[in-house]
1. Could you check segment B:63-77 and list, in sequence order, the residues that are within 14 Å of chain A (Cβ to nearest Cβ) and surrounded by fewer than 23 Cβ atoms within 10 Å (Cβ to Cβ)?
2. Can you tell me which residue in segment A:23-36 is nearest to the other protein chains (Cβ to nearest Cβ), limited to those that are in contact with a helix residue (DSSP H, G or I) (Cβ under 6 Å, 6 or more places away or on another chain) and under 17 Å from residue A:154 (Cα atoms)?
3. Spot the failing condition for residue A:137; the list is (1) buried (at least 19 other Cβ atoms within 10 Å of the Cβ); (2) on the phi > 0 side of the Ramachandran plot, and only one is missed.
4. Between A:47, A:64, A:21, A:51, which is surrounded by fewer than 24 Cβ atoms within 10 Å (Cβ to Cβ) and either under 30 Å from residue B:229 (Cβ atoms) or at pLDDT 90 or above (or both)?
5. Just one of A:249, A:242 is in contact with a helix residue (DSSP H, G or I) (Cβ under 9 Å, 6 or more places away or on another chain) and either buried (at least 18 other Cβ atoms within 10 Å of the Cβ) or outside any helix (DSSP H, G or I) (or both); which is it?
6. If I go through segment A:204-236 residue by residue, how many of them are surrounded by fewer than 24 Cβ atoms within 10 Å (Cβ to Cβ) and under 19 Å from residue A:63 (Cα atoms)?
7. Is there any pair linking a residue in segment A:240-261 that is within 14 Å of chain B (Cβ to nearest Cβ) and touching a residue at least 24 places away in the same chain (Cβ under 8 Å) to one that is assigned to a helix (DSSP H, G or I) and surrounded by 12 or more Cβ atoms within 10 Å (Cβ to Cβ), with Cβ under 7 Å and at least six apart or on different chains, and which?
8. Among the residues of segment B:72-90, what is the count of those that are closer than 13 Å to residue B:29 by Cα and in a helix (DSSP H, G or I)?
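The values are calculated or read from the model by the stated rules, or taken from the named source; none is laboratory data. Keep in mind the model is a prediction, meaning the values are calculated, not measured. Cβ: placed from backbone, ideal geometry, glycine included. Neighbour counts: every protein chain shown.
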């Protein structure tokens with residue numbers, strides 16, 4: 001495997017975690033978030049700062065990143081999740097813009113210069129700096145995320161979430177506590193995005209606000225919609241497709257974004273439900289239903 | 001100082017309001033957030049600048065040309081990127097709009113290059129003092145023009161057949177269709193008007209900041225979107241009020257709190273307002 005391919009695979013893995021976590025919010029809780037990159041960024045900064053300032057080892061740094069972003073998700077979700085879809089979209093969009101500006105203006109985050117020299121993870125003396133090992137680490141995190149969401153989605157709680165997505169009032173009538181479910185899923189999704197941020201920070205070893213702006217939020221959203229909302233496999237395919245697509249278009253240089261935008265519109269007209277819409281390619285044989 | 005900031009805020013706010021009108025009308029009729037509105041704004045500015053650059057067109061003609069191009073772009077977008085997706089999950093047209101926005105931005109980048117273009121003609125705007133308040137006549141002209149466009153829109157929507165048909169579609173598309181309203185044509189008309197207003201806003205901002213560039217629509221678009229929601233989405237007076245409020249809040253915030261957080265202030269206020277009044281300041285749909 002070439003170094004370039006490894007690099008893409010690691011980034012693809014990080015995006016898979018992001019897409020799956022956003023898919024929990026969109027595809028399963030039926031809520032719209034336009035600021036997912038904010039949680040990704042918070043995770044990256046928390047992980048980087050704890051390991052730079054307090055010499056936290058990677059697992060601890062990643063854990064604190066997840067806890068902290070989860071806390072942010074909780075703090076944002078509690079007051080806002082009673083808002084309707086479109087309002088939630090704008091609140092999360094605003095949250096993303098604000099977080100981005102906070103990264104840019106705070107002293108501790110290094111402002112526009114960002115943070116450099118983030119140590120690569122090493123566990124028990126084994127450094128994960130070589131890309132093949134880092135890919136392994138990323139894959140472990142992807143598997144963890146996949147397993148967690150898969151178990152969740154196919155549990156009692158997962159069915160409750162789907163009920164909320166399909167018809168909130170009916171779900172309430174059936175005795176599902178819809179606000180707490182929405183807040184819980186938002187918190188979990190934020191924590192997973194924090195994990196992705198931590199993985200990114202310790203892989204690239206240099207972070208600045210540019211990586212976590214609106215552009216990234218939209219990219220993750222596109223991955224979920226292109227792959228197919230409400231499908232875990234869809235989120236994986238969407239994340240991989242949109243990680244690889246710009247690379248494949250690289251030979252067209254200046255026309256790269258132009259083709260990217262046109263393909264996005266064309267794809268949605270061709271398949272509005274996304275590549276793997278609900279239930280198109282299910283992994284039913286893995287579930288115990 | 002305070003009054004000056006207030007005026008700066010009102011000027012920017014009136015432009016946000018113009019774009020917000022496009023958002024709110026399109027949202028009212030289709031329930032769709034047209035993320036490419038900022039690119040329509042950019043298109044209006046570019047066409048006007050190019051027309052003026054030829055040296056053969058006077059300012060008013062170029063202004064009308066920019067608005068017409070923006071309106072046309074809006075109608076084409078509706079036909080190509082949104083109409084085929086009607087009836088699918090609300091997020092799908094949103095992503096399609098984002099795709100269209102990426103496409104248009106990079107098209108502009110290819111055609112015009114990344115650099116700022118100054119506005120080709122210079123205006124000799126003087127500063128007049130009214131009651132001790134220095135008012136640049138440029139700001140006055142922008143405010144007057146923006147308010148004029150808004151007035152025209154309100155009259156159009158309230159008192160003409162087509163305006164009423166648009167409201168009918170916004171209230172209930174199916175019933176409007178049963179009443180003999182050609183819904184597709186009304187949707188196209190909504191895009192036409194909303195985009196023309198955004199185009200006008202783009203031209204005014206190109207004059208105000210003396211810069212036209214491919215990404216110029218991004219932040220004004222986002223802020224106008226917030227303004228539309230702030231005022232109560234689907235409500236025309238709400239969009240106007242929301243735009244003005246946002247402009248003023250941002251200008252005062254930048255002056256008295258921190259200029260580094262200028263863009264954050266607008267969104268922070270938006271979040272706070274939504275928390276306490278989730279339906280927007282003026283509740284309404286299809287007003």
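1. Residue satisfying the conditions is B:76 alone.
2. Just the residues of segment A:23-36 that are in contact with a helix residue (DSSP H, G or I) (Cβ under 6 Å, 6 or more places away or on another chain), to begin with: A:23-26, A:28-36.
If we keep only those that are under 17 Å from residue A:154 (Cα atoms) too, we end up with A:23-26, A:28-30.
On the way: A:23: 11, A:24: 14, A:25: 11, A:26: 7, A:28: 13, A:29: 13, A:30: 10 Å.
Residue satisfying both the conditions and the ranking: A:26.
3. The failed condition is (2).
4. On the way: A:47 fails: surrounded by fewer than 24 Cβ atoms within 10 Å (Cβ to Cβ); A:21 fails: surrounded by fewer than 24 Cβ atoms within 10 Å (Cβ to Cβ); A:51 fails: surrounded by fewer than 24 Cβ atoms within 10 Å (Cβ to Cβ).
That would be A:64, the only listed residue that is surrounded by fewer than 24 Cβ atoms within 10 Å (Cβ to Cβ) and either under 30 Å from residue B:229 (Cβ atoms) or at pLDDT 90 or above (or both).
5. On the way: A:249 fails: either buried (at least 18 other Cβ atoms within 10 Å of the Cβ) or outside any helix (DSSP H, G or I) (or both).
Result of the check over A:249, A:242: A:242.
6. Going through segment A:204-236 one residue at a time, the tally reaches 2.
7. Correct list of pairs: A:241/A:226; A:242/A:219; A:242/A:222; A:242/A:223; A:242/A:226.
8. Qualifying residue count, segment B:72-90: 3.
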